[in-house]
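Below is one structure, written out as structure tokens; the observations come after it.
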């Protein structure tokens, strides 16, 4: 199983707005792409920078065959959507994880 993970640092000044946007707009749009079977939103509670709040959004791929297309979608569509909506008030990076359990 493969998971596209986005780690995001969100400024406290926009946290409530960001959480609403992620839950109501961003996650449904990513899931509507058809590449993913499920998702999780996690909040980092220890080990962060102390400046803002850190979250991990995890999207589980239906199949390995979707890896390339899903990553491309994040690069050209979803990451732009975050930047376009919140500018530099949200910093993020993406990783691809493989479940090896």
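Residues checked against (1) surrounded by 15 or more Cβ atoms within 10 Å (Cβ to Cβ); (2) assigned to a helix (DSSP H, G or I); (3) under 14 Å from the mean Cα position of the chain (by Cα):
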residue: 30; (1), (2), (3): yes, yes, yes
residue: 39; (1), (2), (3): yes, no, yes
residue: 45; (1), (2), (3): no, no, no
residue: 54; (1), (2), (3): yes, no, yes
residue: 58; (1), (2), (3): yes, no, yes
residue: 66; (1), (2), (3): yes, yes, no
residue: 83; (1), (2), (3): no, yes, yes
Residue under question is residue 26, and the condition is that it be modelled with pLDDT under 90, surrounded by 12 or more Cβ atoms within 10 Å (Cβ to Cβ) and either assigned to a helix (DSSP H, G or I) or in contact with a helix residue (DSSP H, G or I) (Cβ under 8 Å, 6 or more places away or on another chain) (or both); does it hold? no
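Go through 44, 97 for me and flag whichever is touching a strand residue (DSSP E or B) at 6+ places or on another chain (Cβ under 6 Å), modelled with pLDDT of 90 or more and within 17 Å of residue 2 (Cα to Cα).
It is 97.
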Between a first residue in segment 38-54 that is within 30 Å of residue 66 (Cβ to Cβ) and a second residue that is at pLDDT below 90, which pairs have beta carbons less than 6 Å apart while being 6 or more apart in sequence or on different chains? 54/48
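The values are calculated or read from the model by the stated rules, or taken from the named source; none is laboratory data. Note that the structure is a prediction, hence the values are computed from the model and not measured. Don't worry about glycine lacking a Cβ; one is built from the backbone with ideal geometry, like all the others, and counts go over all protein chains shown.
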